[in-house]
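See structure below.
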Amino acid sequence: MAITRDEVANLARLSRMSLSDAELDALAPQLEAILGAVARVAEVAAADIPPTSHAVPLTNVFRADVTRPSLPVADVLAGAPAAEEGRFRVPRILDPDE
Amino acid sequence: MTDVSSTSTPAAAPAVAAAAAAVGGSRRTDDVVRLTAAETAAAIAAGELSAQDATLAALDRIAKVDEAVHAFLHVDAEGALAAARAIDARRAAGEKLGPLAGVPLALKDVLTARGMPTTCGSRILEGWRPPYDATVVSRLRAADVVILGKVNMDEFAMGSSTENSAYGPTRNPWDLSRIPGGSSGGSAAAVAAFEAPLSIGTDTGGSIRQPAAVCGLVGVKPTYGGVSRYGLVAFSSSLDQAGPLARTVGDAALLHAAIAGHDPMDSTSVDLPVPPVVEAAARRDIRGLRVGVVRELAGEGYDPGVQAAFDAAVEELAGLGAEVVEVSCPHFTYALAAYYLIAPSECSSNLARFDAMRFGLRAGDDGRAGAEEVMSHTRDVGFGAEVKRRVMLGTYALSSGYYDAYYGQAQKVRTLISRDFAAAYEQADVLVSPTTPTPAFPIGDKVDDPVAMYLSDLCTIPSNLAGGPAMSLPAGLVGGLPAGIQIMAPAFADDRLYLVGGALEAALDARRGHPLLDEAPAL
């Protein structure tokens, strides 16, 4: 299966990565080669085989419904790229025209 | 960048120099760093060696060799010495200490530890200091293990060579022009270079066992769910598992016992007793045990020298009284393909958290750009080539129209592989194979060929997909480079790995007259 450069650009957009032209050019043949190598999973997995998503059965973990201290806000914000008035400061979310 | 460099971080340099000057009392540094973890702990417990001197010896060794090896990203000399002194004081006060009290350890930089940076080998986390300890780290601290610092890794644990670290490759102590394996290459190199007797690695597709094999060490992936993943920065959540790297099977068992056990902070942690791994490692009697050689993990693509070392180790097992049988696991040949769909799919989801908003790097925030633009730019400059490749691959495999053909099929292969294991364990108590198809390859050899690189994990991936435990231990040398034998066991039978590994290690060491690592060139 051929992976086009446009498809790679679309994957980059979906993945929230603004890749350079050189990266897009390099990735197209690499992804094609990898997908060619992994496509053989289709050879053996028949319709009647149930999928396994996890090695162990998962159950939800509950704790007693009591309040307890969170991580100190100052410690958490110390690792943030930007903070203001005890909160994360983020770039604008909405378009200026919206 | 202040925290991540080779060994000489601004904070660490004076303390490391002081360490070099201070050691030299009753035992020479070179002798101290060659002690196993068990020997170090015993010497400290007996008062023959202080925890401080053990730590100073490790720091001295790091100062001497790490410029060449580049195992460490961050050396916390002050923190390590403070912890060691506290242990000495408690011992002097007559307190009962743990079986690894005072033993130095190198921590893979994918686990959070308060007071130290956590980078996961990535630019996107450069300088980030987590506000909490991973459960593995809090258990190490509770066991009075001395954490020396953080060691190098493939970015977000994606790789088989530690060449994907944003901070430069780590080198194999057996041959500095070669890879130390990956993604726990820093962990393996630190132990093989005698910078630390113990290290914690993580294994998603073989990232503990493959570096252990190519560096001549013992590496164990515990049963999935046996060791908490709380505070382990997730790559592929259904596969990632932390575990020990050590120079002996007994040391690995001591570390395994220290970190394993149920943790309510991790919903995938299993509430079962920890198998008696320390006792199993010391038993040495495998008469009557059935060892299954996996037919599909041999043949084309396997280096003849690696195969010969493996065959000789299997003969040794037979000589110890084990019954050797051949077993067939027909779907193992599809494991690699399934893995390279499942792991990237989970990684594309897990790495969405690196959004430039809450922690780590933010790039391109000029006051005008919107959040999505800043996020895209940050992820472009913050992630390396392999991470981008896998995020894109996972995005593709999970996208509408391709999901059933790729991800869905891969999850079915996972079922088939689990069934293969179940059938094989009806004929054998443990399964064995070479750990890696080849010895360590030269740095740079496979960087442009991801598919060739992925073959490094051919033998190790099946047990990640099924969740069972697996160990690699040194089988022998191939052209002066180590080759490993892999032992696999059913889920929650981790003690069987240690039983077989302990017996085999003792037999191989006796035949050789010394541990394999003694043959490594001096650094």
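The values are calculated or read from the model by the stated rules, or taken from the named source; none is laboratory data. Since the structure is predicted, the reported quantities are computational estimates derived from the model, not experimental observations. All Cβ positions, even for glycine, are placed from backbone atoms using ideal geometry, and neighbour counts span all protein chains on display. Accessible surface areas use protein heavy atoms only, side chains included; no ligands, DNA or RNA. Shrake-Rupley method; radii C 1.70, N 1.55, O 1.52, S 1.80 Å.
The figures follow:
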| item | result |
| --- | --- |
| C-alpha center-to-center spacing [the stretch A:1-67, the stretch B:256-333] in angstrom | 30 |
| Probe 1.4 Å - accessible area at B:Tyr230, Å² to nearest ten | 70 |
| Inter-chain shielding of B:388-398 (mean C-beta neighbours from other protein chains, 10 Å cut-off) | 6 |
| By accessible area with a 1.4 Å probe, ligands and nucleic acids excluded, highest first: order of B:Asp154, B:Asp355 | B:Asp355, B:Asp154 |
| Percent accessible area from carbon and sulfur atoms, the stretch A:18-98, protein chains only, probe 1.4 Å | 56 |
| DSSP loop trypsin sites (Lys or Arg not before Pro) with at most 13 other Cβ within 10 Å: longest gap in chain B | B:97-286 |
| Chains B and A, summed buried accessible surface - 1.4 Å probe, Å², nearest 100 | 5000 |
| Heavy-atom SASA rank of B:Asp380, A:Asp21, B:Asp448 (probe 1.4 Å, accessible area, largest first) | B:Asp448, A:Asp21, B:Asp380 |
| Surrounding net charge for B:Glu326, when Lys and Arg each add one and Asp and Glu each subtract one, Cβ distance under 11 Å | 0 |
| Chain A: C-alpha gyration tensor shape, a/c 1.5 cut-off, then a/b vs b/c | oblate |
| Cα-centre dipole for the protein assembly as shown with unit charges at Cβ (Lys and Arg positive, Asp and Glu negative), debye to 20 | 1100 |
| Alpha-carbon centroid distance for the pair the stretch B:452-523 / the stretch B:109-125, whole angstrom | 28 |
| For A:25-37, mean number of other protein chain Cβ atoms within 10 Å | 4 |
| Net lengthening on full extension, B:Ala89/B:Thr333 (0.36 nm per residue, minus Cα-Cα) | 82.4 nm |
| Whole-Å distance, taken between Cα centres, linking the stretch B:396-450 and the stretch B:145-162 | 22 |
| Neighbouring partner chain Cβ atoms per residue of B:225-232, average, 10 Å criterion | 1 |
| Dipole in debye (nearest 20) - the stretch B:101-252, about Cα centre, beta carbon charges: Lys, Arg +1; Asp, Glu -1 | 180 |
| Cα Rg, Dmax (largest Cα-Cα span) when computed across the stretch B:469-523, Å | 12.7, 39 |
| Surface accessible to a 1.4 Å probe, B:Trp174 within the full protein complex, Å² | 20 |
| Fraction of accessible area attributable to carbon and sulfur, the stretch B:31-185 (%, probe 1.4 Å) | 49 |
| Calculated from backbone phi, Karplus (6.51, -1.76, 1.60) coupling profile of the stretch B:260-273 in Hz, x at Gly/Pro | 7, x, 4, 9, x, 6, 10, 5, 9, 6, 9, 8, 9, x |
| Packing-based order for A:78-91, B:259-272, using average beta carbon neighbours within 10 Å, highest first | B:259-272, A:78-91 |
| Residue order for B:His74, B:His514 - accessible surface, 1.4 angstrom probe, largest first | B:His514, B:His74 |
| Within the stretch B:57-96, GluC sites (Glu not before Pro) in DSSP loop having at most 13 other beta-carbon neighbours inside 10 Å | B:Glu95 |
| Accessible carbon and sulfur surface of the stretch B:318-464 relative to its total accessible area, %, 1.4 Å | 52 |
| Taking chain B and dividing mean pair separation by its residue count, relative contact order in percent (alpha carbons under 8 Å, at least six apart) | 16 |
| DSSP-defined antiparallel bridges as percent of all bridges, the protein assembly as shown, nearest 5 | 65 |
| Cα shape, the protein assembly as shown, gyration tensor, a/c 1.5 rule | oblate |
| Amide H partners (placed H, <5 Å) of B:Arg290, local residues excluded | B:Glu323, B:Asp429, B:Val430 |
| Buried on assembly, the stretch B:244-268 (at least 20 Å² less accessible surface than by itself, 1.4 Å probe) | B:Pro264, B:Ser267, B:Thr268 |
| Accessible area of chain B divided out per residue, in Å², using a probe of 1.4 angstrom | 31 |
| The stretch B:103-147 - Debye-derived log10 I(q)/I(0), Cα point model, q = 0.21, 0.31 Å⁻¹ | -0.66, -1.15 |
| Directionally averaged projected area (convex hull, Cα atoms, the stretch B:72-116), nm² | 3.6 |
| Selection from B:Ser161, B:Gly185, B:Val110, by position along the positive dipole direction of the stretch B:106-196 (Cβ) | B:Val110 |
